[in-house]
Structure formats: structure tokens, C-alpha cells
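Chemist: Supplied in C-alpha cells, the structure appears directly below.
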Amino acid sequence: MKVLILPDTATAVSRVADILAQTLDAGRGCTMGLATGGTMVPLYAEIVARHRAGQLSLAQVTTFNLDEYVGLAPDHPGSYHRYMAEVLFDHTDIRPGHAHLPRGDAPDPRAEAMAYEARIAREGGIDLQVLGLGQNGHIAFNEPTSSLGSRTRIKTLTDDTRRANRPYFDREEDMPRYAITMGIATILEARAIVLLATGASKADAVAAMVEGPVSALCPASALQLHPKATIVLDAKAASALRLTNYYHHVHPDGQESDYS
Ligand code: PGA
């Protein structure tokens, strides 16, 4: 695992945007896995700003989002379809039909989950998967005790997750109970992974992910098994790590080391 610690949220976001930009530059026709949530809002704002400045293009990319709420149509204000359109897709040159999310309103959500997994495989897999981190250690909606071998499927959201996402819904009863989510094994198949975590509320989950045992209790700890996982943190999210001096030593200012 590469652990890059940046002084604040803005520099951490910019570091992840650099990694995305490198992947976009490196391969025409790359496939990217995308995340949602509050942490990603400034990241996508930065991608849009770079696009507007003529510094990057999404015209050759195919994207697969991690998850979507079961029962929500793409035009529902709380859906991740809407979130992605509003914060990223509508402001870039991504080609219509090349941005994929699971359909939350599919008549058979289980079949949709399996079809989504197959769609990713058909596209040749994911070159770079972007991840956020839940306060409870989840990645995508793989809640604690998710199988580390899991594939895209339906998960029941924890009360913690429902509370964290409640602000995106008008009424308590609108907050979904289930999501279609890529599994942990699906995520680990990505050729490279970059996880962004910012703020003190993520510090304990970050410590469990990076320095704890690999355990289904902290699904993000499965990233320790991935050969090319980069964890980008601001100082607050890094504040509960024990080997901080080492991470700074290997990656001064969150930059690449000589051998990375
Ligand atoms: P957040 O969510 O960015 O809104 O904190 C992250 C996550 O739950 O994966």
C-alpha cells in the first residue's frame, strides 16, 4: 500500500486528480471505476475545472460507478445517477453511453447486479478504481462483515450508513435500505486503486484499513491484499496512524518515492 499524506483536503484532492489525469493520459480508452459521497465532490469539481481549462478530457474513458440505491430511478434526486450527472458527467465531454451505474429501479435487482458485474468484465475490467471510505470502514456499500470474496450484489445498509447519507434525502422514509454494490473481490480486480479519505471523522477507519488486520470487520483492510493500492489522506484523516513518520519518509509531501 502506498500511503500519501497531504497537509489538507485541497492538496489531497489535487493529488488524486493528478493520479486520475495520469491514467487518462496514459491509455486511450481506459476504464475507470468511480465513487460517490461527500469526499468526492471536491475531487470531481477539480476534474471539471481541469477539463474546462483544457487540461484533461473524458472523451476516451468508460466509467463504472461502485453502487446505486435499490428502488431509485436515475432521475431521483437522491440517486447516484443524479449525483454523477450533477457533479461530473454533465460538465465534461464523457460520451453518452460510456458512463455506467447499476440501475436501482431494475425490476430484478439481483439480475441487474450480476449483469453489471458481467458488463465490467466485458469492458476488459477496470484500469483505475477510485474509492472513498466509510466511517465504519466500508468501501462502496460493502458494510462490515461483507465477504472479502464478494461480487456485485445487493447489500443491506447499516444504520450508520443510512444516518451518514440521510442529508441527501428529504424524508427519513425516503432513505433506501438496500444498495446494489460492487463486491470486494470485484474492487480488488481493478488494475490500480486510489482511495481518498479526508477529515478527522475518517481517522479510525483509516488506521484500521492501513495498519489493522485484514478483516471483514473493516472491509477496506482488504486493500492490503492489492498490489497497487494508493491511499491519499489529509493530515486529519491520517491522525490515528502509528507509522506516520515512515509514510512521510517514503513519500515526502505525498509524492512518489524513488522506486514507486
Ligand atoms: P463520504 O462517504 O465521502 O460521504 O464520507 C464515503 C463512503 O461512505 O464511502
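Chemist: Among all residue pairs at least 6 apart or on different chains, which show Cβ distances below 7 Å where the first residue, located in segment 91-107, is under 21 Å from residue 129 (Cβ atoms) and the second is outside any strand (DSSP E or B) and aromatic (Phe, Trp, Tyr)?
Modeler: 99/89; 101/80; 102/116
Chemist: From 120, 139, grab the single residue that is surrounded by 15 or more Cβ atoms within 10 Å (Cβ to Cβ), away from the ligand (no atom under 16 Å from the Cβ) and more than 17 Å from residue 178 (Cβ to Cβ).
Modeler: 120 is the lone residue from the list that is surrounded by 15 or more Cβ atoms within 10 Å (Cβ to Cβ), away from the ligand (no atom under 16 Å from the Cβ) and more than 17 Å from residue 178 (Cβ to Cβ).
Chemist: Being in contact with a strand residue (DSSP E or B) (Cβ under 8 Å, 6 or more places away or on another chain) and farther than 21 Å from residue 20 by Cβ is the filter; apply it to segment 85-105 and report the residue that is surrounded by the most Cβ atoms within 10 Å (Cβ to Cβ).
Modeler: Among them, the one singled out is 102.
Chemist: Give just the number: which of (1) open to solvent by 10 Å² or more (accessible area, probe 1.4 Å); (2) more than 12 Å from the ligand (Cβ to nearest atom) does residue 233 not satisfy?
Modeler: (1)
The rows are residues; the columns are (1) more than 16 Å from the ligand (Cβ to nearest atom); (2) farther than 25 Å from residue 220 by Cβ.
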residue: 31; (1), (2): yes, no
residue: 34; (1), (2): no, no
residue: 40; (1), (2): no, no
residue: 51; (1), (2): yes, yes
residue: 54; (1), (2): yes, yes
residue: 59; (1), (2): yes, yes
residue: 73; (1), (2): yes, yes
residue: 90; (1), (2): yes, yes
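Chemist: Look at residue 81 and say whether it is buried (at least 18 other Cβ atoms within 10 Å of the Cβ), in a helix (DSSP H, G or I) and touching a residue at least 40 places away in the same chain (Cβ under 8 Å).
Modeler: Here the answer is no, as residue 81 does not meet what is asked.
Chemist: Considering only residues that are closer than 12 Å to residue 132 by Cα and either among the small types (Gly, Ala, Ser) or more than 16 Å from the ligand (Cβ to nearest atom) (or both), look in segment 200-226 and name the one that is surrounded by the most Cβ atoms within 10 Å (Cβ to Cβ).
Modeler: If we take residues in segment 200-226 being closer than 12 Å to residue 132 by Cα and either among the small types (Gly, Ala, Ser) or more than 16 Å from the ligand (Cβ to nearest atom) (or both), then 220 is surrounded by the most Cβ atoms within 10 Å (Cβ to Cβ).
The values are calculated or read from the model by the stated rules, or taken from the named source; none is laboratory data. These figures come from a predicted structure and were not determined experimentally. Positions of Cβ are generated from backbone atoms using ideal geometry, with glycine treated the same way; all protein chains shown enter the neighbour counts. Please note that ligands, DNA and RNA were not included when accessible areas were found on the heavy atoms of the full protein model with its side chains. Shrake-Rupley method; radii C 1.70, N 1.55, O 1.52, S 1.80 Å.
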